[in-house]
Amino acid sequence: MSLDNINHVVTTSNLTKHYGRIRAVDELTFAIPAGSVFGLLGPNGSGKTTTLGMLLDVINPTSGSYSWFGNFSKKENRQKIGSILESPAFYPYLSAVDNLQIIAEIKGIGYDNISEVLKITGLYERRHSTYRTFSLGMKQRLALASALLCDPLVMILDEPTNGLDPRGIAEIRELIRTIAQQGKTIILASHLLDEVQKVCTHFAVLNRGKLMYSGLVNEVSGAEQRVELSADNTGELILLLEKFPGKRKLESAGEKIVITLDGSIPVSDLSRFVYQHGIVVTHLVSLKRSLESQFLEILNEQV
Amino acid sequence: MNRLVKIEILKIRTNASFWVLAVLHIAIILLVILSGKMFLRSLSIQGETISNLIDPGAIPLYQFPDIWHNITYVAAFLKFILAIYVIISITSEISYDTLRQNIMNGLSRKDFIVSKLFLVVLLALASTLFLFFTGLIIGFTSTPDPRLHDVIKYSGFIPAYFLLLTVYLVFALLIGLLIRKTGLALGLMFLYTLIIEPIIAFRIHTEWIKGLLPIKSINNLIHMPFVKYALREVKDYVAPLDMVIVSVYAALFIWFIYLLLKKRDL
């Protein structure tokens, strides 16, 4: 292991899990930087949960290894990690407070934070109700409360907004941002790309257990940009744009023309270029390149 | 260690099935013991005799020192009620995914097993203490002239009862962890205890090999005492060899439990 461990909360090396002949996770090597909000993307069944399960020691890897905080000892590391995998798991016959007390004992901490995390997640009023009386949204929020309980160094959230209403989703997103600002590392597995783009700094794409891509969220929108234009004389505009120095691709969609540019070129350059050549545009919109289009592209490259 | 004990107590403190089965266990033990007493008295009043020789009212079932052997033998039949709870406890941890969540939160698999073994010991200890105090009370009220020597004699059956319960409950823990589904695990436990092993035992003709079967060896700790009142000879002590055999089984069961949990993806 290199000195890199200091800057990474977790590193994996050829992490692999086979279920019979199916390779759920295939030779995964990656590192998650400390302080990042790391989005783990992939279609259903791409190995996200299996990967997180291995990092949390509930699934035994077929081969390969991983290391938290640069040390391998597992139990103490997990005490410093707040995690939700798939659906929330609590004792249905116990109240919210009793459930959190069990977790506090497992984490080796006191009960002082319990009221606090219940207030943050809006469950304080229902703290003495048994878990089985909770709605799906409340269960999801209790899971989040349990992940926050130990003031964790790292939070692992697997589909944390599953089953929540739009307001709940927005609240959780806000909560994730707030937690990230405190310098904690968050690992977020999701198939909701919009969600990842809004909160994550880094992301990785998994498909069929293989790592397809890993990088910064900003780079995705920074590598290329697309601008939509139209003018009174479309033909002339097309001829002109063909000559624009930073052009990568030109598409026309009816009246409108979409030009793909190098990410480094300011849109104002394009506007000036067109104007200086005597064409007045009637429409000019900078299209933000979404993680979704990038994601689909990454997946398509493999097929 | 203290932490693991606390965790298990938090889990059972407000658990309805725990309290229902615990009360049931105690109530049935009391019922069986007290009904035996009333039954003998009514026989005696009707002037019945056993084998035309013995007056039922004169049988010292509830007197020191016989009481220890008698009540532990009877109570041992009710071990299955506690075993039902042990199976429910472990299989529900699996079906609620709380076993997995416990590990994710920072227990090691070994910690989890230790906390469940603590549950087993707690149940066995509570039942044993209950039986001990019940025995003392009934013994002192039934024995005309209780002497210390008689109170102590045969009291070795009390620790034997504790050992018997503990090993059987560890067996239940293993079945629950192996089968995972509550209903199936309960079914298999009863099937093995009441049908499969007795059939195997029936086919074995050498007594000492029979005694090596797990349930048989557990039951061998406390032999049937009552035939001695018909003047037949009875093993009225706990044989050290029997204790060694069940202890080996306990160790084997725990080892299996450990291997099962270690290898399994949760």
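Points worth noting:
- Restricting the calculation to Cα atoms, the stretch B:69-139 yields a radius of gyration followed by a Dmax of 16.0, 51 Å.
- Residue among A:THR201, A:THR130, A:THR51 with the largest mean-square fluctuation in a Gaussian network model of chain A, springs linking Cα atoms under 10 Å: A:THR130
- Distance between modelled label sites at A:ASP194 and A:SER135, nm, 7 Å Cα→Cβ extension: 2.0
- Where labels lie 7 Å past Cα in the beta-carbon direction, separation of B:TRP208 and A:ASP165 in nm: 7.5
- At R0 = 25 Å, FRET efficiency that the Cβ-Cβ distance of A:GLU236 and A:VAL285 yields, to 0.05: 0.80
- Evaluating kT/(6 pi eta Rh) at 20 °C and 1.002 mPa s, with the Kirkwood radius of the stretch B:175-266 over Cα pairs in the Stokes-Einstein relation, gives 139 µm² s⁻¹.
- Ranking of B:TYR258, A:TYR124 by count of other Cβ atoms within 10 Å, fewest first: B:TYR258, A:TYR124
- Amide H contacts of A:ALA189 (H built 1.01 Å from N, in plane; Pro and chain starts excluded): A:LEU40, A:LEU157, A:ASP158, A:GLU159 sit under 5 Å, all sequence-distant by 5 or more or on other chains.
- Förster radius 45 Å - calculated FRET efficiency between B:MET224 and A:LYS75, Cβ distance, rounded to 0.05: 0.40
- Per-residue Karplus couplings for the stretch A:59-70, computed as 6.51 cos²θ - 1.76 cosθ + 1.60 with θ equal to phi - 60°, are listed in order as 10, 7, x, 6, 7, x, 8, 8, 8, 8, 6, x Hz, Gly and Pro entered as x.
- Order of A:ILE156, A:ILE32 under a 10 Å beta carbon neighbour criterion, fewest first: A:ILE32, A:ILE156
- Karplus 3J(HN,Hα) series, Hz, for the stretch A:229-234 with 6.51 cos²θ - 1.76 cosθ + 1.60 (x for Gly, Pro): 10, 8, 9, 5, 10, 5
- Two-decimal Rg/Rh across chain B, once Rg and the Kirkwood Rh are taken from alpha-carbon atoms: 1.02
- Integer Hz, Karplus 6.51/-1.76/1.60 couplings in order for the stretch A:155-165, x for Gly and Pro: 10, 10, 10, 9, 6, x, 9, 3, x, 9, 7
- Straight Cα distances below 18 angstrom link A:LYS139 to the lysines A:LYS119, with same-chain residues fewer than 8 positions distant left out.
- Taking N as its residue count, the alpha carbon Rg of the protein assembly as shown over 2.2 N^0.38 Å: 1.40
- FRET efficiency for B:ARG3 and B:GLU233, using Cβ-Cβ distance with R0 set to 51 Å, rounded to 0.05: 0.50
- Build a GNM of chain B with springs between Cα atoms under 10 Å apart, and of B:ALA124, B:ALA251, B:ALA230 the one that fluctuates most is B:ALA230.
- Column: log10 I(q)/I(0), Debye, Cα scatterers of the stretch B:111-266, q = 0.14 Å⁻¹: -0.85
- Comparing A:GLU171, A:GLU224, A:GLU251 in a Gaussian network model of chain A (Cα springs below 10 Å), the most mobile by mean-square fluctuation is A:GLU251.
- Exposure proxy ranking, count of Cβ atoms within 10 Å, fewest first, for A:HIS128, A:HIS202: A:HIS128, A:HIS202
Where a number appears in this text, it was derived from the coordinates with a stated rule and is not lab data. On a predicted model such as this, the values are computed, not experimentally measured, just so you know. Backbone-built Cβ (ideal geometry, glycine too); neighbour counts: all protein chains shown.
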